[in-house]
Amino acid sequence: MKSGSNLERVILSGNPAVTAELGPPMSAAPDEIVHKAHILKGFCDAANITDCQTAVVRISSIAAAFIAQREGLEPVMQMTCRDRNRIAMQADLLGAAALGLKNCLCIAGDHQKFGAAGKLKGHPGAKNVYDVDTTQLVGILKKMRDESLQEGGDKIEVPPKFFIGATWTPMGDPMDFRPYNLKKKVDAGAEFIQTQGIYDMELFKSQCEKARNLGVLENTALLAGIIVPKSAMMLKYMDANVSGVTVPKPLIDRMAKAKEAAGDDKKKAKQLQEEEGIKITVELIHQALEIPGVKGVHIQAIDWEPAIEIIVKAAGLYPRPNIPAE
Amino acid sequence: MIVGQQKPIEELWGMLKDFKKIMVFGCNTCVAVCHAGGAKEAEITASLLRIRAAEEGVEMNIEHGACERQCEPEFFMPSIEKFKAQDVILSTACGVGVNLMSSQIGDMPVYPGLNTSFYGAVPQAGVFTEVCGGCGNCVLHLTGGICPIVRCSKSLLNGPCGGTNNGKCEISSEVDCAWYLIVERMKKLGTLEKLFEIQPPKNWGTATAGGPRKIVIEHIAELEEKEENKATVEVKK
C-alpha cells in the first residue's frame, strides 16, 4: 500500500474500481462541490476533481478536492503541467498531502487556447508553463514519495503519500506509439491509468493487448474511460471533434433511433436518448471489464452527475466495496 | 534565421508622432529575407511615415538607411554621425539590433519597427515557420530532427499528449502535431526505440529561464582586446 487511499485499496482488493468526475465551479462558492459530492458519494471509489479543465478558471483542484473529502467523497486531485512549474507543483503536492489528499492524477492539461472549445472567453493569451511533462511529473511524485527527495535532490522530511495516476489516449494519433506512451508513464511510476472515453471497444481491446504484450498492464491499474452519451448529436460531435475518440456508427444509430422514436416531442426525445445513453454506458462498462488487464472504469457523466448512481447500479457495481484501511 | 514582422503603421505613428527628426534604419540580413526590415522595407516605412505626417499636418524630417547587420557594431557605427543628427532611430532590425544600437550610439532613443517573431525556416518563398526554440540544450538527435520544444505546443519531451487529432495539434487543425511528425519520422529512420527512453525533466537554465545568456570564446575575445589595446597605444604614440 503506497498511499492508503480508498481507490488504491479497492484496486488492490481485486474488485473492479469505479471512478467518476466532479468539475469545480467558476465561482468562489463551495455549494456546488458539496452538492455534487453528495450525489456521487457511495457510487464511486473516488472522483476526479478537474484542474481548470479546458483551460477555464475554476476553483482549484486541491481546494475542491479538500471540500469533497470533507463531505465524504474521496477525491482524485488532478495536476496539469500547464499551469505550474516544478517548484509550484511540489509545493502544492506537499500542501495537498498535508490536507489529507491521497490520489493525484498527472495530466498535460488542455492548451490555454482552448477556452472551453470557444464557448467561453478563457485566457488564450496566458503563458503556459510546461516546465515538465506528464511522464516527468509522475516521476517527480514517485521520487518525492518513495525516495523522500524533491526533484532537485533536497530531502523531504515527511514525504507526501500519493496514489499516482496518469491518463492514456489509446486511440489517439500516432496510434502505434500509444502503447509505448503508456509504458513510459507506467515505468515512471503511474499506478493507475484513466483512459480517454472509449466507444470503439474492439480497437481499445487491440491497443490493450499491445500494452499487455509490453508488460505494462501488470504494473498498473487500467481504468477504461466511459463518457456517458446524452444524445446522438453528442456522439457525432465527439466522433468528429474530440481527439482520440471514435464512435462506431451502430452506437450513433441507436441514439438516433431513440430520438426518432419520440417524434416531435423534444422532452421525450431527451428522455429516450438519455435512457439509451445509460444502456450503452452499461454495455460499454461490461465490455471493458472483460478485457484482460482492465481493472475498472472511469465514468464521466458530464454535467449529469445523478446518472452515475443509475449506471453503477445497472452495471451491477453497487454497492461499492468497503475495504477497511490497514 | 530570425523572422520578424512589421509593426502596424498606427503603432509606429503612436510611438513616433512627437519626434521631429527620425531615421528609419534597416538591417540587410535575416529581416530583409523575410521582407520585414531590410533597406527596401526601411525606405517604404519612411515613406509611409512621411505620408502619415503630411496627413496629420505635422512637420517631420524622416530619413532612411540600412547596414548589413545590426547585430555587430562595426556595421552600423560608420553611420554614427547620421544617427546623432536625429531625435530618434526606428530600427527595422530584429530586437537584437534594437538592443545593440541602443547600447552603442549614445543617448539616442532606438525604437523597434518590427515585432521579432521567432527563429524560422523558409520552406517556400513567402512562408516562414518556427522550428527552433533556441533552448540552449538541443535534443534534435533524439527526436528525428523535429523540435519538440517549439513545434509541440506544450513542449512535451516524452511523447504526444491526448490532443492529437488526425495528425494535427489540439490548438488548431492548421498546426501539425510535432509528436505525430516525430514518431512518423523516427519510424522511417528505423530509430523509434529512441523514443522509448524516458527523458528526465529538462534543465531550462540554458534557455531564457536561466537569465540573460552569454557565450564567450576566450581566445578570440582576447585577441580582439589585444588588438584594440595595440591600436590605442599606436594612437597615443
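The values are calculated or read from the model by the stated rules, or taken from the named source; none is laboratory data. Since the model is a prediction, treat every value here as computed from it, not as a measurement. Every residue, glycine among them, receives a Cβ derived from its backbone with ideal geometry; neighbour counts consider all protein chains shown. Protein only, heavy atoms only, side chains kept; ligands, DNA and RNA dropped before computing areas. Shrake-Rupley method; radii C 1.70, N 1.55, O 1.52, S 1.80 Å.
If R₀ is 45 angstrom, what is the calculated FRET efficiency for the pair B:Glu74 and A:Ala88, using the beta carbon separation as r and rounding to 0.05? Mind dumping the intermediate values first?
Working: r = 45 Å, r/R0 = 1.00.
The calculated FRET efficiency here is 0.50.
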Equivalent ellipsoid semi-axes, the range A:257-307, via Cα gyration tensor eigenvalues times 5, rooted, Å: 28, 13, 5
³J(HN,Hα), Karplus 6.51/-1.76/1.60, whole Hz, each residue of the range A:168-176, x for Gly, Pro: 9, 10, x, 9, x, 6, x, 4, 6
Could you check the simple spin-label distance between B:Thr191 and B:Met1, using points 7 Å along Cα→Cβ, in nm with one decimal? 2.8 nm
Bounding extents of the range A:1-81 in its principal axis frame from Cα atoms, largest first in Å, are 38, 29, 17
Using a probe radius of 1.4 Å on heavy atoms only, what accessible surface per residue do you get for the range B:139-200? Whole Å² is fine. 45 Å²
Which far-off residues, 5 or more places away or on another chain, put their amide H under 5 Å from the one on A:Ala17, with H placed in the peptide plane? A:Gly296, A:Val297
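Would you work out the relative contact order for the range B:30-178, in percent, from Cα pairs under 8 angstrom that are 6 or more residues apart?
Reported relative contact order: 14 percent.
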Amide H to amide H, which residues 5 or more places from A:Glu151 or on other chains are under 5 Å from it, using H placed in the peptide plane? none
For the protein assembly as shown, give the percent of accessible area contributed by carbon and sulfur heavy atoms, probe 1.4 Å, rounded to a whole number. 53 percent
Step through the residues of the range A:295-312 one at a time and calculate ³J(HN,Hα) from phi using the Karplus curve (6.51 cos²θ - 1.76 cosθ + 1.60, θ = phi - 60°), rounding each to whole Hz and writing x for Gly and Pro. 10, x, 10, 10, 9, 10, 9, 5, 6, 8, 4, x, 5, 4, 4, 4, 5, 4
Overall dimensions of the range B:2-118 as given by Cα atoms, namely Rg and Dmax in Å: 12.8, 38
In chain A, taking the dipole from +1 charges on Lys and Arg beta carbons and -1 charges on Asp and Glu beta carbons about the Cα centre, the listed residue (A:Gln53, A:Pro160, A:Val228) farthest towards the positive end is A:Gln53
Alpha carbon centroid spacing (whole Å) that separates the range B:1-35 from the range A:6-61: 53 Å
Just to be sure I understand the model, the point goes 7 Å from the Cα along the line to the Cβ. What's the resulting B:Ser117 to B:Glu55 distance in nm? 2.4 nm
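Where the eigenvalues come from the Cα gyration tensor of the range B:139-200, what are the semi-axes √(5λ) of the equivalent ellipsoid, largest first, in whole Å?
Working: eigenvalues 68, 30, 19 Å².
Working through the eigenvalues yields semi-axes of 18, 12, 10 Å.
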Can you pull the Kirkwood radius for the range A:6-314, inverse mean 1/r over Cα pairs, to one decimal in Å? 19.9 Å
List every residue whose amide H lies under 5 Å from the amide H of B:Lys168, counting only residues 5 or more places away in sequence or on a different chain, with H placed 1.01 Å from N in the peptide plane. B:Cys177
With eigenvalues of the C-alpha gyration tensor scaled by 5 and rooted, the range A:285-325, Å: 18, 16, 10
For B:Glu11 and B:Glu224 in one chain, what is 0.36 nm times their gap in residues minus the Cα-Cα distance, to one decimal in nm? 72.7 nm
In square angstrom and rounded to 100, what buried accessible area do you get between chains B and A, total over both, with the probe at 1.4 Å? 2500 Å²
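Could you tell me the convex hull volume per residue, in Å³, taken over the Cα atoms of the protein assembly as shown? Walk me through the intermediate numbers first.
On the way: hull volume 119.2 nm³, N = 563.
Taking only Cα atoms, the protein assembly as shown has a hull volume of 212 Å³ per residue.
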A 27 angstrom limit on the alpha carbon distance is what I want to check against. Which of A:Lys119/A:Lys230; B:Lys84/B:Lys226; A:Lys205/A:Lys249; B:Lys17/B:Lys82; B:Lys194/B:Lys214 exceed it? B:Lys84/B:Lys226; B:Lys194/B:Lys214
Using a 1.4 Å probe, how large is the accessible area of B:Cys94, given in Å² and rounded to the nearest 10? 20 Å²
With the cut-off at 29 Å, tell me which of the pairs A:Lys41/A:Lys127; A:Lys127/A:Lys185; A:Lys102/A:Lys313 have Cα atoms farther apart than that. A:Lys41/A:Lys127
Can you tell me the alpha carbon radius of gyration of chain B divided by the globular rule-of-thumb value 2.2 N^0.38 Å? 1.29
